[in-house]
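Here is the structure we will look at, set down as structure tokens.
The values are calculated or read from the model by the stated rules, or taken from the named source; none is laboratory data. Since we're looking at a predicted model, the values are computed, not measured. Glycine gets a Cβ as well: all are built from the backbone with ideal geometry, and neighbour counts include every protein chain shown. With ligands, DNA and RNA removed, areas are computed over all heavy atoms of the protein, side chains included. Shrake-Rupley method; radii C 1.70, N 1.55, O 1.52, S 1.80 Å.
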Amino acid sequence: AESCKLLNIIPEDIDINHQSIYDFLKTKDLFYGLFQIEEGLSKKVIQEVRPRNIHQLAACISISRPGAFAYIKDYKLFVNENTIKPFYPPFDQALQDTGNIIVYQEQINRICMEVYGLSPEDSDDIRRCVGKKDRDGIKKWEPVILQIGLVKYIPLDITQKFWDTIIKSADYLFNMGHAFSYATITAQTTYLKANHPQEFFISLLRMAKFEPNPIEVISKINQELRNFGITLLPPHILNSDIDFKVVGSDILFGLGSIKGISEKTIEKLNKFRHPHSNKFEVFAGAKEAGLSIGTLA
């Protein structure tokens with residue numbers, strides 16, 4: 001949101017299918033500050049799969065959860081080589097958009113209705129149990145599904161594979177709305193980083209002061225800045241503001257992120273900020289502004 005303000009746009013102005021987003025995710029490993037994929041399993045999945053559109057991005061975010069994560073290599077083959085590993089013909093139609101892999105809660109719902117013949121209400125109850133991590137609720141449905149599978153001559157190993165995925169997914173499997181909401185924000189932040197890195201990073205730097213260890217965060221950001229040709233300029237007693245700001249193609253360090261510098265100190269600095277031709281004038285100006293020499297140092 002801060003980056004968008006600097007660019008005088010709103011997040012909805014960003015085309016979440018813009019090619020630059022997926023080129024960046026395909027070719028770069030600079031994920032700091034990208035929503036949901038900055039680190040952890042989601043980052044690993046993105047690096048492994050390299051999604052090409054918002055649908056694949058949403059699937060990557062959802063698949064990086066217990067249950068679906070076991071099939072990440074299959075999903076990678078689906079995205080990059082259009083290779084689909086057969087599951088079971090009645091399942092395949094429900095899973096065709098995700099390469100025969102259960103990625104969303106709604107797919108569980110659909111399989112329960114279309115393959116096992118459960119009512120919409122019962123199918124949604126199983127989906128709800130997954131979404132709510134209700135293991136007791138899931139457990140009560142297991143014998144029902146196994147019995148229906150036998151009656152419908154569905155191979156036992158297929159039903160067992162389906163049910164194992166449901167059990168693992170109770171550690172949390174996204175619904176489609178949740179996954180696409182996350183993917184939209186991921187796409188927006190990636191677009192800003194790829195196309196407007198200066199505004200993107202200055203926003204991150206300004207938010208660093210709210211972190212438990214701001215200097216550590218600023219250091220991480222600075223490591224990435226070099227890859228974008230941006231220099232984090234050191235604080236300047238005359239030119240720096242309380243917050244980080246753009247200076248040409250670089251970013252000037254904000255005085256407010258220096259330990260021991262408060263807003264009251266900044267007010268005193270503003271009184272001090274006029275040319276001093278020698279050390280005596282510096283000392284006199286500091287005394288007049290109420291600043292200690294330690295602050296100036």
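See the values below:
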quantity	calculated
Over the stretch 51-196, relative contact order from alpha-carbon pairs under 8 Å, at least 6 apart, %	32 percent
Percent of C-alpha pairs per 10 Å bin, the stretch 88-244, short to long	9, 28, 18, 13, 16, 11, 4, 1, 0
Normalised convex hull volume, the stretch 2-86, alpha-carbon set, Å³ per residue	105 Å³
The chain - accessible surface per residue (Å², probe 1.4 Å)	53 Å²
Mean separation of Cα contacts under 8 Å, 6 or more apart, over the residue count of the chain: relative contact order %	17 percent
Nearest-0.05 FRET efficiency for Lys85 and Tyr153, computed from C-beta distance (R0 30 Å)	0.85
Helix-only [θ]222 nm of the chain, DSSP H runs n ≥ 4, -39500 (n - 2.57) each, per residue, nearest 500	-17500 deg cm²/dmol
Sorted largest first, extent of the chain alpha carbons per principal axis (Å)	96, 38, 28
Accessible area of the stretch 100-147 belonging to carbon and sulfur atoms, whole % at 1.4 Å probe	48 percent
Helix 135-151 axis, angle to the chain major axis (alpha carbon atoms, nearest 10°)	30 degrees
Contour excess over end-to-end distance, with Cα ends at Arg128 and Leu233 and 0.36 nm allotted per residue	32.6 nm
C-alpha long axis of helix 40-49 to longest principal axis of the chain, angle in °	70 degrees
Flagged links, alpha-carbon separation over 31 Å, of Lys44/Lys209; Lys44/Lys85; Lys168/Lys220	Lys168/Lys220
